[in-house]
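Heads up: the structure comes next, in C-alpha coordinates.
The values are calculated or read from the model by the stated rules, or taken from the named source; none is laboratory data. Here the structure is a predicted model, which means the values were calculated and not measured. All Cβ positions, glycine included, derive from the backbone under ideal geometry; neighbour counts span all protein chains shown.
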Amino acid sequence: MKFLPNHLTASFLAFIVLNSCTAQTEHMDSNGPTYQADSVSVTKPASVVEIPTPSGFFRSAKDSGSLTRFLRALSFKEDNTVYLFDGTKKWNQSAQYAVLDIDIGKRDLQQCADATMRLRAEHLFKTKQYDKIGFHFTSGDLASWNRYAAGYRAKISGNQVSWVRSAARDTSYANFRKYMNLIYSYCGTRSMQKEVTPIPLQDIQPGDVFHQTGSPYGHAVTVMDVARDSTGQPVFLLSQSYMPAQSIHVLVNPNDADLSPWYRMENVGEELVTPEWTFPPNSLKRWND
(Lines give C-alpha, C1' and ligand atoms only; values in the text may rest on other atoms or scores of the structure.)
Protein backbone atom coordinates (compact mmCIF):
# COMPACT_ATOMS: atom_id res chain seq x y z
CA MET A 1 0.00 0.00 0.00
CA LYS A 2 1.35 3.40 -0.93
CA PHE A 3 1.82 6.27 1.49
CA LEU A 4 -1.22 8.49 1.93
CA PRO A 5 -0.31 12.17 2.50
CA ASN A 6 -2.05 13.75 5.46
CA HIS A 7 -3.72 16.44 3.37
CA LEU A 8 -5.52 13.88 1.19
CA THR A 9 -8.38 11.80 2.50
CA ALA A 10 -8.61 8.03 2.66
CA SER A 11 -11.09 8.09 -0.21
CA PHE A 12 -8.15 7.41 -2.55
CA LEU A 13 -7.14 4.19 -0.79
CA ALA A 14 -9.18 2.08 -3.20
CA PHE A 15 -7.45 3.79 -6.12
CA ILE A 16 -3.96 3.16 -4.74
CA VAL A 17 -4.43 -0.59 -4.34
CA LEU A 18 -5.04 -0.81 -8.09
CA ASN A 19 -1.79 1.00 -8.86
CA SER A 20 0.70 -1.45 -7.33
CA CYS A 21 2.98 -4.09 -8.78
CA THR A 22 3.44 -7.52 -7.35
CA ALA A 23 5.38 -10.63 -8.24
CA GLN A 24 4.08 -12.67 -10.71
CA THR A 25 24.36 4.04 -34.71
CA GLU A 26 27.09 3.51 -32.43
CA HIS A 27 29.87 0.90 -32.50
CA MET A 28 31.99 0.46 -29.38
CA ASP A 29 35.60 1.16 -30.37
CA SER A 30 38.65 -0.74 -29.22
CA ASN A 31 38.92 1.45 -26.14
CA GLY A 32 35.41 0.63 -24.95
CA PRO A 33 34.30 -1.93 -22.36
CA THR A 34 35.55 -5.47 -22.76
CA TYR A 35 33.62 -8.63 -21.99
CA GLN A 36 35.08 -12.07 -21.53
CA ALA A 37 34.17 -15.44 -20.03
CA ASP A 38 32.70 -15.51 -16.53
CA SER A 39 35.92 -16.93 -15.15
CA VAL A 40 37.84 -13.86 -16.30
CA SER A 41 37.42 -10.40 -14.88
CA VAL A 42 35.28 -8.04 -16.96
CA THR A 43 35.06 -4.31 -17.37
CA LYS A 44 31.49 -3.40 -16.47
CA PRO A 45 29.69 -0.71 -18.45
CA ALA A 46 29.43 2.62 -16.68
CA SER A 47 26.27 3.75 -18.50
CA VAL A 48 23.48 2.43 -20.70
CA VAL A 49 25.23 3.37 -23.94
CA GLU A 50 28.28 1.32 -22.93
CA ILE A 51 26.32 -1.94 -22.88
CA PRO A 52 27.64 -3.77 -25.96
CA THR A 53 25.10 -4.63 -28.63
CA PRO A 54 24.73 -8.24 -29.83
CA SER A 55 26.77 -9.23 -32.86
CA GLY A 56 25.19 -7.80 -36.01
CA PHE A 57 23.08 -5.23 -34.14
CA PHE A 58 23.81 -1.53 -33.93
CA ARG A 59 22.29 1.43 -32.16
CA SER A 60 20.21 3.29 -34.68
CA ALA A 61 20.89 6.91 -35.59
CA LYS A 62 17.17 7.46 -36.18
CA ASP A 63 16.57 6.79 -32.48
CA SER A 64 19.04 9.47 -31.41
CA GLY A 65 16.52 12.07 -30.22
CA SER A 66 16.89 13.86 -26.93
CA LEU A 67 15.03 11.18 -24.95
CA THR A 68 17.27 8.47 -26.37
CA ARG A 69 20.38 10.49 -25.53
CA PHE A 70 19.08 11.04 -22.02
CA LEU A 71 18.41 7.36 -21.38
CA ARG A 72 21.66 6.19 -22.96
CA ALA A 73 23.65 8.63 -20.81
CA LEU A 74 22.23 7.33 -17.52
CA SER A 75 25.02 5.92 -15.39
CA PHE A 76 25.20 2.78 -13.28
CA LYS A 77 26.17 2.39 -9.66
CA GLU A 78 29.33 0.50 -8.89
CA ASP A 79 27.37 -1.51 -6.33
CA ASN A 80 25.16 -3.81 -8.39
CA THR A 81 22.84 -4.54 -5.44
CA VAL A 82 19.15 -3.64 -5.64
CA TYR A 83 18.07 -1.95 -2.42
CA LEU A 84 14.61 -1.23 -1.12
CA PHE A 85 13.50 2.24 -0.08
CA ASP A 86 14.34 1.49 3.57
CA GLY A 87 17.94 0.55 2.76
CA THR A 88 17.52 -3.21 3.02
CA LYS A 89 18.49 -5.53 0.19
CA LYS A 90 15.81 -6.87 -2.13
CA TRP A 91 15.30 -10.59 -1.61
CA ASN A 92 15.80 -11.31 -5.32
CA GLN A 93 19.22 -10.18 -6.54
CA SER A 94 19.13 -12.17 -9.79
CA ALA A 95 16.90 -9.90 -11.92
CA GLN A 96 19.31 -7.01 -12.48
CA TYR A 97 22.09 -6.59 -15.01
CA ALA A 98 22.99 -3.15 -13.70
CA VAL A 99 21.55 -0.64 -11.22
CA LEU A 100 20.85 2.92 -12.37
CA ASP A 101 22.40 5.71 -10.33
CA ILE A 102 19.02 7.20 -9.44
CA ASP A 103 17.76 7.62 -5.91
CA ILE A 104 14.78 5.64 -4.63
CA GLY A 105 13.45 8.05 -2.03
CA LYS A 106 12.84 7.15 1.59
CA ARG A 107 9.21 6.06 1.30
CA ASP A 108 7.53 3.13 -0.41
CA LEU A 109 6.41 5.21 -3.38
CA GLN A 110 8.62 4.79 -6.45
CA GLN A 111 7.43 1.36 -7.54
CA CYS A 112 6.93 -0.03 -11.07
CA ALA A 113 4.81 2.45 -13.03
CA ASP A 114 6.30 5.23 -10.91
CA ALA A 115 9.79 4.43 -12.21
CA THR A 116 8.60 4.76 -15.81
CA MET A 117 7.03 8.12 -14.92
CA ARG A 118 10.22 9.19 -13.12
CA LEU A 119 12.39 8.58 -16.18
CA ARG A 120 9.95 10.38 -18.47
CA ALA A 121 9.51 13.34 -16.13
CA GLU A 122 13.24 13.70 -15.40
CA HIS A 123 13.95 13.98 -19.10
CA LEU A 124 11.17 16.51 -19.65
CA PHE A 125 12.30 18.57 -16.66
CA LYS A 126 15.95 18.50 -17.76
CA THR A 127 15.03 19.61 -21.28
CA LYS A 128 12.58 22.25 -19.95
CA GLN A 129 9.54 20.68 -21.61
CA TYR A 130 7.46 21.63 -18.59
CA ASP A 131 4.13 21.71 -20.43
CA LYS A 132 4.44 17.96 -21.09
CA ILE A 133 4.94 17.00 -17.44
CA GLY A 134 1.58 15.79 -16.22
CA PHE A 135 -0.02 12.53 -15.11
CA HIS A 136 -3.58 11.51 -14.35
CA PHE A 137 -4.55 10.34 -10.88
CA THR A 138 -6.38 7.02 -10.84
CA SER A 139 -9.51 9.14 -10.28
CA GLY A 140 -8.96 10.59 -13.77
CA ASP A 141 -7.88 14.06 -12.62
CA LEU A 142 -4.81 15.53 -14.30
CA ALA A 143 -1.95 16.61 -12.04
CA SER A 144 0.36 18.86 -14.04
CA TRP A 145 3.78 20.10 -12.98
CA ASN A 146 3.00 23.66 -14.12
CA ARG A 147 0.00 23.82 -11.81
CA TYR A 148 1.93 22.36 -8.88
CA ALA A 149 4.88 24.70 -9.51
CA ALA A 150 2.46 27.63 -9.48
CA GLY A 151 1.53 26.73 -5.89
CA TYR A 152 -1.66 24.73 -6.41
CA ARG A 153 -2.23 21.67 -4.24
CA ALA A 154 -4.74 18.85 -4.59
CA LYS A 155 -7.69 18.89 -2.19
CA ILE A 156 -10.11 15.98 -1.92
CA SER A 157 -13.85 15.98 -1.27
CA GLY A 158 -15.16 12.46 -1.48
CA ASN A 159 -13.85 11.24 -4.82
CA GLN A 160 -13.58 14.75 -6.26
CA VAL A 161 -10.24 16.52 -6.69
CA SER A 162 -9.91 20.28 -6.68
CA TRP A 163 -6.79 22.41 -6.87
CA VAL A 164 -6.29 25.24 -4.40
CA ARG A 165 -3.44 27.72 -4.49
CA SER A 166 -1.85 27.35 -1.08
CA ALA A 167 1.90 27.66 -1.69
CA ALA A 168 4.31 30.10 -3.29
CA ARG A 169 5.43 29.58 -6.86
CA ASP A 170 8.43 27.26 -6.87
CA THR A 171 9.96 25.84 -10.04
CA SER A 172 12.99 24.30 -8.33
CA TYR A 173 14.11 20.72 -8.77
CA ALA A 174 13.49 20.10 -5.07
CA ASN A 175 9.84 21.09 -5.54
CA PHE A 176 9.66 18.96 -8.69
CA ARG A 177 10.66 15.97 -6.57
CA LYS A 178 7.84 16.76 -4.13
CA TYR A 179 5.49 16.84 -7.10
CA MET A 180 6.75 13.44 -8.21
CA ASN A 181 6.04 12.01 -4.75
CA LEU A 182 2.45 13.14 -5.22
CA ILE A 183 2.38 11.42 -8.60
CA TYR A 184 3.76 8.20 -7.14
CA SER A 185 1.06 8.25 -4.46
CA TYR A 186 -1.96 8.60 -6.74
CA CYS A 187 -0.89 7.35 -10.17
CA GLY A 188 0.02 3.84 -11.29
CA THR A 189 -0.44 1.18 -13.92
CA ARG A 190 -4.20 1.73 -14.05
CA SER A 191 -3.96 5.50 -14.51
CA MET A 192 -1.19 5.02 -17.09
CA GLN A 193 -3.85 3.85 -19.53
CA LYS A 194 -4.66 7.55 -20.05
CA GLU A 195 -1.02 8.38 -20.74
CA VAL A 196 0.05 5.75 -23.31
CA THR A 197 -1.01 4.32 -26.67
CA PRO A 198 -0.26 0.81 -28.03
CA ILE A 199 2.31 0.65 -30.84
CA PRO A 200 3.64 -2.21 -33.01
CA LEU A 201 6.88 -3.81 -31.90
CA GLN A 202 8.65 -2.83 -35.12
CA ASP A 203 8.27 0.83 -34.12
CA ILE A 204 9.92 0.37 -30.71
CA GLN A 205 12.08 3.28 -29.51
CA PRO A 206 13.91 4.13 -26.28
CA GLY A 207 11.45 5.61 -23.82
CA ASP A 208 8.57 3.34 -24.82
CA VAL A 209 7.05 1.13 -22.13
CA PHE A 210 5.72 -2.38 -21.78
CA HIS A 211 2.61 -1.83 -19.69
CA GLN A 212 -0.10 -4.06 -18.28
CA THR A 213 -2.97 -3.24 -15.99
CA GLY A 214 -4.49 -5.95 -13.84
CA SER A 215 -6.99 -6.73 -11.15
CA PRO A 216 -5.71 -5.66 -8.78
CA TYR A 217 -2.09 -5.56 -9.96
CA GLY A 218 -0.16 -4.59 -13.07
CA HIS A 219 3.38 -3.78 -14.07
CA ALA A 220 5.37 -1.46 -16.34
CA VAL A 221 8.96 -1.36 -17.57
CA THR A 222 10.87 1.19 -19.64
CA VAL A 223 12.64 0.52 -22.94
CA MET A 224 16.09 1.95 -22.23
CA ASP A 225 17.73 1.42 -25.61
CA VAL A 226 17.17 -0.20 -29.00
CA ALA A 227 19.55 -1.72 -31.54
CA ARG A 228 18.73 -3.11 -34.98
CA ASP A 229 20.27 -5.54 -37.46
CA SER A 230 20.67 -4.98 -41.20
CA THR A 231 17.03 -5.97 -41.78
CA GLY A 232 15.72 -3.53 -39.18
CA GLN A 233 14.80 -6.17 -36.61
CA PRO A 234 15.12 -4.73 -33.09
CA VAL A 235 16.59 -5.87 -29.83
CA PHE A 236 16.03 -3.78 -26.72
CA LEU A 237 17.03 -3.15 -23.10
CA LEU A 238 14.51 -2.86 -20.25
CA SER A 239 14.55 -1.28 -16.81
CA GLN A 240 12.17 -1.60 -13.88
CA SER A 241 11.41 -0.79 -10.31
CA TYR A 242 9.07 -3.09 -8.40
CA MET A 243 7.20 -3.50 -5.15
CA PRO A 244 8.30 -2.50 -2.55
CA ALA A 245 9.92 0.63 -4.00
CA GLN A 246 13.48 -0.23 -5.01
CA SER A 247 16.48 0.71 -7.13
CA ILE A 248 15.67 1.13 -10.80
CA HIS A 249 17.63 -1.58 -12.59
CA VAL A 250 18.32 -2.85 -16.11
CA LEU A 251 16.91 -6.35 -16.40
CA VAL A 252 18.67 -9.51 -17.44
CA ASN A 253 17.03 -11.67 -20.09
CA PRO A 254 16.00 -14.82 -18.20
CA ASN A 255 15.36 -16.86 -21.35
CA ASP A 256 18.46 -16.09 -23.44
CA ALA A 257 21.74 -15.87 -21.56
CA ASP A 258 23.70 -15.27 -24.77
CA LEU A 259 21.54 -12.27 -25.72
CA SER A 260 21.11 -10.90 -22.18
CA PRO A 261 20.59 -8.14 -21.18
CA TRP A 262 19.07 -7.50 -24.59
CA TYR A 263 15.62 -8.82 -25.48
CA ARG A 264 14.23 -9.94 -28.82
CA MET A 265 10.63 -10.67 -29.85
CA GLU A 266 10.23 -12.40 -33.19
CA ASN A 267 6.64 -13.61 -33.42
CA VAL A 268 3.38 -11.69 -33.63
CA GLY A 269 1.38 -12.33 -30.48
CA GLU A 270 4.45 -13.27 -28.45
CA GLU A 271 4.55 -12.75 -24.69
CA LEU A 272 7.42 -10.81 -23.15
CA VAL A 273 8.95 -12.78 -20.30
CA THR A 274 11.03 -10.74 -17.83
CA PRO A 275 12.56 -11.99 -14.58
CA GLU A 276 9.59 -11.01 -12.43
CA TRP A 277 6.71 -10.42 -14.83
CA THR A 278 5.28 -11.82 -18.07
CA PHE A 279 3.62 -9.24 -20.29
CA PRO A 280 0.82 -10.40 -22.61
CA PRO A 281 1.02 -9.76 -26.38
CA ASN A 282 0.60 -6.17 -27.56
CA SER A 283 1.81 -4.61 -24.30
CA LEU A 284 4.25 -2.19 -25.97
CA LYS A 285 3.05 1.41 -25.66
CA ARG A 286 4.26 4.97 -26.16
CA TRP A 287 3.66 8.03 -24.02
CA ASN A 288 1.15 10.48 -25.44
CA ASP A 289 2.75 13.83 -26.22
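If a residue must be touching a strand residue (DSSP E or B) at 6+ places or on another chain (Cβ under 6 Å) and farther than 15 Å from ASP208 by Cα, how many such residues does the stretch 276-289 contain? Final tally of qualifying residues: 1. Which is under 16 Å from PHE236 (Cα atoms), polar (S, T, N, Q) and surrounded by fewer than 19 Cβ atoms within 10 Å (Cβ to Cβ), of SER94, SER75, SER60? Exactly one of SER94, SER75, SER60 is under 16 Å from PHE236 (Cα atoms), polar (S, T, N, Q) and surrounded by fewer than 19 Cβ atoms within 10 Å (Cβ to Cβ), namely SER60.
The criterion of being closer than 27 Å to PHE236 by Cα and not assigned by TED's automatic domain parsing to the domain that holds VAL235 does not hold for THR171. Here ALA143, ALA115, ALA121 are screened, and the one residue that is in a helix (DSSP H, G or I) and farther than 26 Å from LYS44 by Cα is ALA121. For the stretch 30-46, indicate whether the set of residues that are modelled with pLDDT of 95 or more and among the aromatic types (Phe, Trp, Tyr) is non-empty. For the stretch 30-46, residues modelled with pLDDT of 95 or more and among the aromatic types (Phe, Trp, Tyr): absent.
Is there a residue in the stretch 173-186 that is under 14 Å from the mean Cα position of the chain (by Cα), modelled with pLDDT under 95 and among the small types (Gly, Ala, Ser)? No - not one qualifying residue is present in the stretch 173-186.
Per-residue answers, yes or no, for (1) surrounded by fewer than 24 Cβ atoms within 10 Å (Cβ to Cβ); (2) touching a strand residue (DSSP E or B) at 6+ places or on another chain (Cβ under 7 Å); (3) of a type outside the set (A, V, I, L, M):
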site	(1), (2), (3)
THR189	no, yes, yes
LEU201	yes, yes, no
GLN233	yes, no, yes
ILE248	no, yes, no
ALA257	yes, no, no
